[in-house]
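What follows is a set of notes on a single structure, which appears directly below.
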Amino acid sequence: MLFETVATGGCRSYLIGCEKTCAAVLIDPELSQIDRYIALAAKDGLRIRYLVDTHTHADHFSATQQLARQLAVPVVMHGASPAPFVDLRLQSGELLAVGGLRLQALHTPGHTRDSMCLCVEDRVFTGDTLLIGGTGRTDLPSGDAGALYESLFEGVLRLDPSLKVFPAHEYKGRSHSTIGQELAENPRLQKKDRDAFIEMMQNLNLTMPAHVTEALRTNMTGGKTVAQMLSEAAAIVPFMSLGELNSCLEFRRNELILLDVRERDAFEEGHVPGARLLPRGQLELRVNQELTDPTKRILVYCEFGRISTLATATLRQMGFRGAVALDGGLQAWREAGYPLVSGKES
């Protein structure tokens, strides 16, 4: 078996390949590491055949959907997953065949309703059900402390004690543990009484993960993250430097329409000289009356450069091929000491 671990902060992804057939499965991929997964597979001479999420992640963005489109391979999750883009839904006890390897699914609800572990040869991939020295939390949507107790004490912990444990998260740099080690040393597993375990889990007082709402939205529905939308917009948008804009204002002012897509109060506090106001939320509705010549060059800016990138992409998709975004936004313009004026449009 060929095996690679990819760490992204505390998140862990695993690439597992069959040496004989070069077929591989990628478990719990993270969105920011797509190029790395593909490079690792190529390095080992593997072709990824399946993309697996052990559960609906709430603390990071899954790469399964994007990789599925890119590689034309199926997404695999447990049958209880709410995600509409899942191609293959496993039930407890079913096998995923990856070349000569067989990954057996074990439904382990508790951290989430759709949590599952995967056993293959000498190891088990436990997702967020069992961590090294801990367990998954149960205070996020579809979490259930009672279900986690049963998944652990009546399921995972009854597996072979020598099985190596590879969780979806590890924050202290440890590569793996074993079922036996966790039974003996994991503090949360010392609460063997069901009620005591539930009480402990319900009183952990953990902070919420960053981006939890966005992560759940995208991972449950297949929708795009804000970062994805910005990346896609930036790929089809040209940018103008601060110095080039300043030069245009001094020597070629009539060649350029300046479009401020912030809200009115921000515009009136300070804007680039000669700019006109067209808030991003009104862009599609007012563009035809505000921008009557689709051949004109249009410089779009906002405060930090993100909203203007999206607005510029929209304009170019609508036919305004001369639209460009200001690199760095008004904040960079202001910090560079370039001129600003306040008040309403002149």
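The values are calculated or read from the model by the stated rules, or taken from the named source; none is laboratory data. Quick caveat, the model's predicted, so the values are computed rather than measured. Using ideal geometry, Cβ is built from the backbone for each residue, glycine included, and neighbour counts are taken over all protein chains shown. Accessible surface areas use protein heavy atoms only, side chains included; no ligands, DNA or RNA. Shrake-Rupley method; radii C 1.70, N 1.55, O 1.52, S 1.80 Å.
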- [ ] Could you do me a favour and compute the accessible area per residue for segment 273-329, 1.4 Å probe, result in Å²?
- [x] 45
Task: Magnitude of the charge dipole, segment 1-53, Cβ model with Lys/Arg +1 and Asp/Glu -1, debye to 20 - done: 160
- [ ] Find which of S13, M229, S175 sits farthest along the positive direction of the dipole of the chain, computed with +1 on the beta-carbon of Lys and Arg, -1 on that of Asp and Glu, about the Cα centre.
- [x] M229
Task: Inter-probe distance in nm under a simple model that places probes 7 Å from Cα toward Cβ, at M1 and D160 - done: 0.9
Task: Relative contact order of segment 296-346, pairs being alpha-carbon contacts under 8 Å that are 6 or more residues apart, as % - done: 39
Open item on the list: Please list, short to long, the whole-number percent of alpha-carbon pairs of segment 112-215 in consecutive 5 angstrom bins beginning at zero.
Closed with: 2, 12, 24, 26, 20, 11, 4, 1
TODO: Mind ranking K20, K192 by accessible surface for me, highest first, 1.4 Å probe?
DONE: K20, K192
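Multiply the residue gap between M229 and E255 by 0.36 nm, knock off their C-alpha separation, and tell me the result in nm, one decimal place.
6.4 nm
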Open item on the list: Charges on Cβ only, +1 for Lys and Arg, -1 for Asp and Glu, centred on the Cα centroid of the chain; of A313, F267, A97, which one is farthest towards the dipole's positive end?
Closed with: A313
Task: Per residue value of the accessible surface for segment 23-95 (all protein chains in place, 1.4 Å probe), Å² - done: 39
Open item on the list: Net charge around R36, counting only other residues with Cβ within less than 14 Å of its Cβ (Lys, Arg = +1; Asp, Glu = -1)?
Closed with: -3
TODO: Pull up the cross-link candidates among the lysines for K191, meaning alpha carbon to alpha carbon under 20 Å and not fewer than 8 places away within one chain.
DONE: none
Open item on the list: What's the whole-number percent of alpha carbon pairs in segment 237-276 lying beyond 13 angstrom?
Closed with: 58
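Looking at segment 127-193, which GluC sites (Glu not before Pro) are DSSP coil and have at most 16 other C-beta atoms within 10 Å of their C-beta?
Passing both the DSSP loop test and the Cβ count: E154.
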Open item on the list: With unit charges on the beta carbons (Lys and Arg positive, Asp and Glu negative) and the dipole taken about the Cα centre of segment 6-149, which residue among G127, L71, I34 sits farthest to the positive side?
Closed with: L71
Task: Charge tally in the Cβ shell below 15 Å around T112, where Lys, Arg are +1 and Asp, Glu are -1, T112 excluded - done: -4
TODO: Averaging sequence separations of C-alpha pairs under 8 Å and six or more residues apart, then dividing by the length of segment 1-98, give the relative contact order as a whole percent.
DONE: 21
Open item on the list: Highest mean first, how do 119-125, 77-83, 298-304 rank when packing is the count of other Cβ atoms within 10 Å averaged over residues?
Closed with: 298-304, 77-83, 119-125
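Starting from the alpha-carbon convex hull of the chain, give the projected area averaged over all orientations, in nm².
Spelled out: convex hull of the Cα atoms, projected over all directions, averaged, 21.1 nm².
For Cα pairs less than 8 Å apart in space and 6+ apart in sequence, what is the mean separation divided by the residue count of the chain, i.e. the relative contact order in percent? Mind dumping the intermediate values first?
Numbers: 693 pairs, mean separation 41.0, N = 346.
For the chain, the relative contact order is 12 percent.
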Task: Debye equation applied to the C-alpha atoms of segment 228-346, log10 I(q)/I(0) at 0.12, 0.21 Å⁻¹ - done: -0.37, -1.23
TODO: Return one number: the angle in degrees, 0 to 90 and rounded to the nearest 10, between the long axis of the Cα atoms of helix 34-43 and the longest principal axis of the Cα atoms of the chain.
DONE: 50
- [ ] Quickly work out the K296-to-L204 label distance, labels modelled 7 Å from Cα along the C-beta direction, and quote it in nm with one decimal.
- [x] 5.7
Open item on the list: Once neighbouring chains are kept in place and the probe is 1.4 Å, which whole percent of the accessible area of the chain is contributed by carbon and sulfur?
Closed with: 50
Open item on the list: Report, in listed order, any pair from K43/K172; K20/K192; K20/K164; K43/K224 with a Cα-Cα distance greater than 31 Å.
Closed with: K20/K192
Open item on the list: Taking the Cα centre as origin and putting +1 on Lys and Arg beta-carbons and -1 on Asp and Glu beta-carbons, what dipole magnitude results for the chain, to the nearest 20 debye?
Closed with: 680
